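The numbers here are math on the coordinates, done by the rules we state, and not lab data. Predicted model only: the values in this text are computed from it and were never measured. Here Cβ is always computed from backbone atoms with ideal geometry, including for glycine, and neighbour counts include all displayed protein chains.
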Amino acid sequence: MIKTTSSAMKTVLTIAGSDASGGAGIQADIKTITAHKMYAMSAITALTAQNTLGVSGILRTPPDFIQQQIDCIFNDIRPDAIKIGMVGDAGAIAAIAGALRCHAAKNIVLDPVMIATSGCRLLASEAVAALQKDLLPLAAVITPNLPEAEVLSGLKIDSRADMLTAARQLAGRFPGGILIKGGHLPDTADDLLFWQKVPYWFPGTKIPTANTHGTGCTLSSAIACGLAAGMALPVAVRQAKTYLTGALADGLALGHGNGPLNHMYNL
């Protein structure tokens, strides 16, 4: 007999890779979900040997074992929301998409992780088509940064106007919201959510810090927490951006490269 979860504790599943240094991936997701006072679960798509200086090795999880992890979670503690990060290759994408369709998963936040902050490729180039065909259509919202949005749209993005053009193009191909993160803009950190044919701008000021390891993972997990709590997507994005800004501004300084955020700054 499958027990239902208590309404007092919302549950969030992260499907992503493990970061040995704790700043990104599964570790960042679990910290973020915990900071939002929710119950975190994980399906690990890969083990990475990495730190703030870069990625030195990746060991991918076999697709059938990824699916087994997801099945075990849904068959016992059904998640209220799901965050998807590093998926790795086409085999993993097929396994994840198949499992999520089978379980009629809802509130999926997909961070199309392609390249690490250090420059290491985390998604095989031949898997980009599989990502767009199988996973992106399942998402309530996708959260590409500017380089990822350029890959997905095929457009060059250098300005807010370019972000809007790309968001409209992507919204014509995928049913969920399109959140293009503007952290790579030269002067601002404005984000754009295009949802239900309406653009929502979330202004942001660049925080002078090199400690940005795991920002994308953190934002997408915080959005998933908002959706799990029943927030409308624009509200979930706004609270997630506020949380991320606080974690960046806290000024945690660890490691010798792009250091992590302080996910627990508000506890």
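Couple of notes before you dig in:
- For segment 90-189, the ratio of Cα radius of gyration to the globular rule of thumb 2.2 N^0.38 Å stands at 1.08.
- Helix-derived mean residue ellipticity, 222 nm - over the chain, DSSP H n ≥ 4, -39500 (n - 2.57), to 500: -10000 deg cm²/dmol
- For the residues Val235, Val198, Val109, a GNM of the chain with alpha-carbon springs under 10 Å puts the largest fluctuation on Val198.
- Once divided by 2.2 N^0.38 Å, the Cα radius of gyration of segment 10-65 becomes 1.17.
- Within the chain, DSSP assigns beta bridges of which about 40% are antiparallel (rounded to the nearest 5).
- When the chain is treated as a GNM with alpha-carbon contacts under 10 Å, the residue of Leu152, Leu254, Leu164 showing the greatest mean-square fluctuation is Leu254.
- Taking a ≥ b ≥ c as the square roots of the eigenvalues of the Cα gyration tensor, an a/c ratio of 1.5 or more together with a/b no larger than b/c marks segment 75-116 as oblate.
- Projecting label points 7 angstrom from Cα along Cα→Cβ for Ala210 and Thr242 puts them 3.2 nm apart.
- Normalised by the number of residues in segment 11-249, the average gap of Cα pairs under 8 Å and 6 or more apart makes the relative contact order 18 percent.
- If the chain linking Asn266 and Ala232 were pulled fully straight, counting 0.36 nm for each residue of separation and taking away their Cα-Cα distance, it would gain 10.0 nm.
- For a straight C-alpha distance cut-off of 17 angstrom, the aspartates and glutamates reachable from Lys181 (same-chain residues fewer than eight places away being disregarded) are Asp111, Glu148, Glu150, Asp158, Asp162, Asp190, Asp191.
- With each label modelled as a point 7 angstrom along the Cα→C-beta vector, the Leu59-Asp158 pair spans 4.5 nm.
- In terms of its C-alpha gyration tensor, segment 181-249 has an oblate overall shape, because the principal axis ratio a/c (a ≥ b ≥ c, square roots of the eigenvalues) is not below 1.5 and a/b does not outweigh b/c.
- GNM flexibility winner over the chain from Cys225, Cys217, Cys102 (Cα, springs under 10 Å): Cys102
- Tensor-based shape of the chain (alpha-carbon gyration tensor, a/c under 1.5 rounded, otherwise prolate or oblate): rounded
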